[in-house]
Amino acid sequence: MSGRTSIRMSWHLPVRGLTLAAMAAVALIAATASADQPAAVAAKTPLDTAIAKEAEATVKAFNGGDAAALAGLFSPTGELVDENGNVFTGSQAITELFKKFFEKFPKAVLEMEVTSTRPLGDDIAVEEGVRRITVNDGAAAQFRYVVVREKEGDRWPIASYREFADDPAPTPREMLTALEWLVGDWIDESPEGRTSISFRWSDDGNYLLGDYSVSVGGETVAASTQRIGWDPIEGRLRSWTFDSDGGFSEGEWLAGDDEWIVRSEATMPDGTSGSATMSVKLQDPDHFVIESSDRVVGGAEEPDFKLVVARKPPAPAAAAPR
């Protein structure tokens, strides 16, 4: 249930329905390159100069959508290995990959940065770097790459290319988008009382902030505030809840098939402890269900409960003055 929308531009992973194997092969040139600017590599050795020329050819071919020219940067039997281990060998296979990509993303832009280049003898060189590709709608992905080059005359075509995922870490907000449906005002009315729930994004966008209140006969008898955020160390969502009576609790949110399981530990105002397991399930856009079980407070079992919470309808518009 992770909310992160990640554009994975790997060799063989679909990006909105397209095989994007062709995207990573362009990372094979040791240079920094963009649509309007040739590769910016400080040429300090003959090898640097040769790779800079290959980089300029790569940028020109890629930003011109020339699949055949890009494949020509490989040796005739050169291979390309994506992050999933898929292998594409030879000019024809690599050309087809680029063709499919450019049919879908004719205005894609390449940027590359080499991080190291080292010769292995006179005719072999190893190159490492990072490449970033931005497609038509502005979506982008980044990968690290390693290239082995074999010298042929005055050129250094690619004998082998391999890439590794280098996407930036997801933001806290991206990890929370699976719970974005909570935002808004909700209400549950029963003979026992009225429960009001309201969620909103924090100003910095890194947390979901919730307010809970329970009223009986029009009088508030309990209230709580909650903060839900992403825990990057544990790799899961976590919540912190503070009650009006001085108690507090912490919960771990685990994604199930169609619900969230929240396991919480609480400290009561008198110092006793409590625990509970709660499920939160979106029933439809205007209703969600909360079920709590395994409730223990101060060593004593508490009854389970179930709430069906409805989205609060907007207040009626004020009548226009006559």
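No lab work stands behind these numbers, since they all come straight from the coordinates. Being a predicted model, the structure only gives us computed values, none of them experimental. With ideal geometry, Cβ positions are generated from the backbone for all residues, glycine too; neighbour counts draw on all protein chains shown.
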How would you rank K44, K100, K53, going from fewest to most other Cβ atoms within 10 Å of each one's own Cβ? K44, K100, K53
Give me the distance in nm between label points sitting 7 Å out from Cα along the Cα-to-Cβ direction at L254 and R238, one decimal. 1.7 nm
To make sure I understand, if each residue's beta carbon is the centre and we count other beta carbons within 10 Å, what order do M112, M175, M268 fall in, fewest to most? M268, M175, M112
Looking only at lysines whose Cα falls under 19 Å of K151's and that sit 8 or more positions away or on another chain, we get K44, K53
For D203, D294, order by how many other beta-carbon atoms lie within 10 Å, fewest first: D203, D294
Between T272 and Q92, what is the spin-label point distance in nm, taking each point 7 Å from the Cα along the Cα→C-beta axis? 7.8 nm
Given R₀ = 25 Å, FRET efficiency for S202-D137 by Cβ-Cβ distance, to 0.05? 0.35
Among T177, G129, W201, whose Cα projects farthest towards the positive end of the dipole of the range 114-256, with charges put on the beta-carbon of Lys, Arg (+1) and Asp, Glu (-1)? G129
Quick one: Cα convex hull volume of the range 170-322, Å³ per residue? 160 Å³
Evaluate the charge dipole of the range 173-311 about its Cα centre and quote only its size in Debye, nearest 20, assuming +1 on the Cβ of each Lys and Arg and -1 on the Cβ of each Asp and Glu. 180 debye
Given the peptides 298-308, 66-76, arrange them by the average over their residues of other C-beta atoms within 10 Å, most packed first. 66-76, 298-308
Need the list of lysines near K312 for cross-linking: C-alpha distance under 21 angstrom, and skip anything on the same chain fewer than eight residues off. K281
GluC sites (Glu not before Pro), restricted to the range 211-279: which are DSSP loop and have at most 12 other Cβ atoms within 10 Å? E234
